[in-house]
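The values are calculated or read from the model by the stated rules, or taken from the named source; none is laboratory data. Not measured: the values here are computed from a predicted model. We place every Cβ from the backbone using ideal geometry, glycine too, and count neighbours over all the protein chains shown. Calculation scope for accessible area: heavy atoms of the full protein, side chains included, ligands and nucleic acids excluded. Shrake-Rupley method; radii C 1.70, N 1.55, O 1.52, S 1.80 Å.
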Amino acid sequence: MPLNRRTFLSRSAVTGAGVALTGAAAAPAAEAAVPAHRGRRKPKRYALTVLGTTDLHGHVFNWDYFKDAEYTDAAGNAQGLGRISTLVNQVREEKGRHNTLLVDAGDTIQGTPLTYYYAKVDPITAKGGPVHPMAQAMNAIGYDAVALGNHEFNYGIETLRKFEEQCDFPLLGANAVDAKTLKPAFPPYFMKTFRVKGAPPVKVAVLGLTNPGIAIWDKAYVQGKLAFPGLEEQAAKWVPKLRSMGADVVVVSAHSGSSGTSSYGDQVPYVENAAANVARLVPGIDAILVGHAHEEIAELRVVNEETGRTVVLSEPLCFAERLTLFDFELVFERGRWQVESVKASLRNSNAVADDPRITRLLKDEHAKVVAYVNQVVGTATETLTTVEARYKDAPIIDLITKVQEDVVKEALAGTEYASLPVLAQASPFSRTSQIPAGEVTIRDLSSLYVYDNTLVAKLLTGAQVRAYLEYSAEYYVRTAAGSPVDVDRLTNANGRPDYNYDYVSGLAYEIDVAQAAGSRIRNVTFGGAPLDDAAQFVLAVNNYRANGGGAFPHVASAKELWSESTEIRTRIAEWVTAKGVLDPKDFASVDWSLTRDGVPVF
């Protein structure tokens, strides 16, 4: 799942990397400056620009499928590969097309109704199926290499392999290895040769690294098939190989943030956001294109501990809102090319229009998805919104938990667990989602549940449920009784994102935000009686949480009773379609509230 988006214009940081290799392509010669100076030639020089995007998440156009309108936000951002294509064309014109390289740091084929449609509704894996819109767009723009993101695995390995087959560029993953042989399951690296007039060629290697969290988040697809070692160790293995193969420049494309933190606790021994660690610990890297964290980092300079050399990192904002430029200056001295300087900068997609070539290429695919998401599946008796869902029990989130409860109860009917009470978990993913009164469409329901999560049933005790609630309540900032309450500062304590705060339906409980984290859950009841710590419950939970996402206690190790591959979003649409009328009396309940010393906050 994506992290919160924050903006960083420049920082100083941490961490080291490693590299791997795949195909070589020669570019036509570029001029090198070789002027004479008092009978002695100056060193030959060469300027190279590496362009980078990351976390595209299926954004081809500046279009919000959930609002059925052009994308807009308060910051004036624009999105989509159509805009990126225009920016790339501009840079290639400025620098010389044959002096540039275009790469991406992953999370490409999941994230919008467009990508869902071509994974599930009209899947690329079907016999004679379509070419994925992201493959079409990225092929047309001329990407050289793309690192694997964790969301590449959301639709299973078959879909990923089909997408890979449709791409004119390699999908890189040095630390995505076969679970049995531990050999690379994807190309570890890409290498390109740039011809320089009057001088030896410049060889540029791009090492691709992906996220170890895939082993947790998409365990159902990858367990026993693929393994995901840490970025630092794989970088340390591959970077020297790339240098020995003659790489003059080593760039790492890493689907891993720079913070050094992890969202999955200690479930795997590898750091989730390890890009800065790679720069700090692994010698031989010149620059790292950072992904995964959905942050904007124009330039981050990290000193390698072994060599003392500076490694330049940059992370362009997600959804094709920014393009990173790494500008390299190389000098030919003592018989070899050396990187003299690297600087990173960003270009903003809102400064340009869509490339009409991309618009024409994918207008039919776009139209199909717009028609699909605007299908009417029911009627709502009143408007439902997530605006206050972070701090008040909102009926719109109760809709999610009700659907999950119903699906799991039906799945367990006739089994030994049929008599156990079913609780359900859901998070307030969006702060702006709304289901309007009147006709309800697929896009309305999709905006409520923006991820492609599936449903799992886990067996927990009352004591484990209590601990789960207590951990979830750490989301709130401690607020003394009687002090003013600012709802904009009440949540996201210690940077915890909204998607790692959970409602749990089927119980009643209070969250006392005046108390210290770990001591906030009060008056937990089930069926009107105090919660029995020894009682057994079935928790209907999304696969991200069930596999350990967010590091909630007990749930990842709890016994799994049932799971399925149908998305929760689809189950919600089926439920609403079957009902015909979306009426809060059929699903809404007040299960929890915020208090301070027993007094309701609202």
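So the values come out like this:
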quantity	calculated
Of every Cα-Cα pair in the range 45-204, the percent that sits beyond 20 Å	56 percent
Debye-sum result for the range 273-348 in log10 I(q)/I(0), which assumes one identical scatterer on each alpha carbon, at q = 0.21, 0.28 Å⁻¹	-0.91, -1.26
Considering only the chain, percent of DSSP beta bridges that pair antiparallel, nearest 5	65 percent
Whole-percent pair-distance distribution, where bins are 5 Å wide, for the alpha carbons of the range 71-143	3, 13, 19, 20, 18, 13, 9, 5, 1
Per residue accessible area of the chain, 1.4 Å probe, in Å²	38 Å²
The range 166-244: trypsin sites (Lys or Arg not before Pro) falling in loop per DSSP and having at most 10 other Cβ within 10 Å	LYS180
Nearby lysines by direct alpha-carbon distance to LYS368 (threshold 17 angstrom, same-chain neighbours under 8 apart not counted)	LYS67, LYS120
Vicinal HN-Hα couplings computed from phi for the range 434-442 (Karplus, 6.51 cos²θ - 1.76 cosθ + 1.60; Hz; Gly/Pro x)	8, 10, x, 4, x, 5, 10, 10, 4
Two-decimal Rg to Rh for the chain - Kirkwood Rh, Cα set	1.00
Cleavage-rule hits, GluC sites (Glu not before Pro), the range 101-166, DSSP coil, Cβ neighbours within 10 Å at most 15	none
Unit charges on C-beta of K, R, D, E only; dipole of the range 553-602, Debye	60 debye
DSSP beta bridges in the range 78-230 [antiparallel fraction, %, rounded to 5]	70 percent
Distance between modelled label sites at ALA534 and GLU388, nm, 7 Å Cα→Cβ extension	4.1 nm
Burial ranking of peptide ranges 276-282, 447-453 (average Cβ count within 10 Å, highest at the top)	276-282, 447-453
ILE157/VAL599 FRET efficiency (R0 45 Å; Cβ-Cβ; nearest 0.05)	0.30
Stretchable slack from SER557 to ARG336, in nm (0.36 nm times residue separation minus alpha-carbon distance)	74.2 nm
Under Karplus coefficients 6.51, -1.76 and 1.60, residue-wise ³J(HN,Hα) of the range 485-502 in Hz, glycine/proline x	10, 9, 5, 6, 10, 7, 10, 6, 4, 6, x, 5, x, 4, 6, 10, 10, 10
Length released on extending from THR310 to GLN223, taking residue separation times 0.36 nm less the Cα-Cα span	27.6 nm
Reference-scaled alpha-carbon Rg (2.2 N^0.38 Å with N residues) for the range 100-141	1.28
Kirkwood Rh (inverse of mean 1/r, distinct Cα pairs), the range 347-407, angstrom	15.9 Å
Within the chain, helix-based [θ] at 222 nm, where runs of 4 or more DSSP H residues each add -39,500 (n - 2.57), nearest 500	-6500 deg cm²/dmol
Sequence of THR53, THR72 when ordered by accessible area, the most exposed leading, probe 1.4 angstrom	THR72, THR53
Accessible carbon and sulfur surface of the chain relative to its total accessible area, %, 1.4 Å	50 percent
Estimated distance in nm for a label pair at GLU439 and ALA578, the labels positioned 7 Å out from Cα along Cα-to-Cβ	2.5 nm
Rh by Kirkwood over Cα pairs, then Stokes-Einstein D for the range 188-338 at 0.890 mPa s and 25 °C, µm²/s	150 µm²/s
Stretch gain in nm, segment ASP178-ARG301, where the contour uses 0.36 nm per residue and the Cα spacing is subtracted	40.9 nm
Nearest-0.05 FRET efficiency for ASN139 and ARG41, computed from C-beta distance (R0 35 Å)	0.25
Percent of beta bridges antiparallel (DSSP, the range 480-595, rounded to nearest 5)	55 percent
Efficiency of FRET from Cβ geometry, ARG360 and ALA75, R₀ 35 Å, rounded to 0.05	0.75
DSSP-assigned coil residues among trypsin sites (Lys or Arg not before Pro) in the range 284-381, each with at most 13 further Cβ atoms within 10 Å	ARG334
Convex hull of Cα atoms in the range 395-551, direction-averaged projection (nm²)	10.9 nm²
Straight-distance crosslink candidates among aspartates and glutamates, where the alpha carbon sits under 12 Å from LYS192 and sequence neighbours closer than 8 are dropped	ASP144, ASP248
Once the Cα gyration tensor of the range 132-242 is diagonalised, semi-axes √(5λ) in Å	27, 19, 9
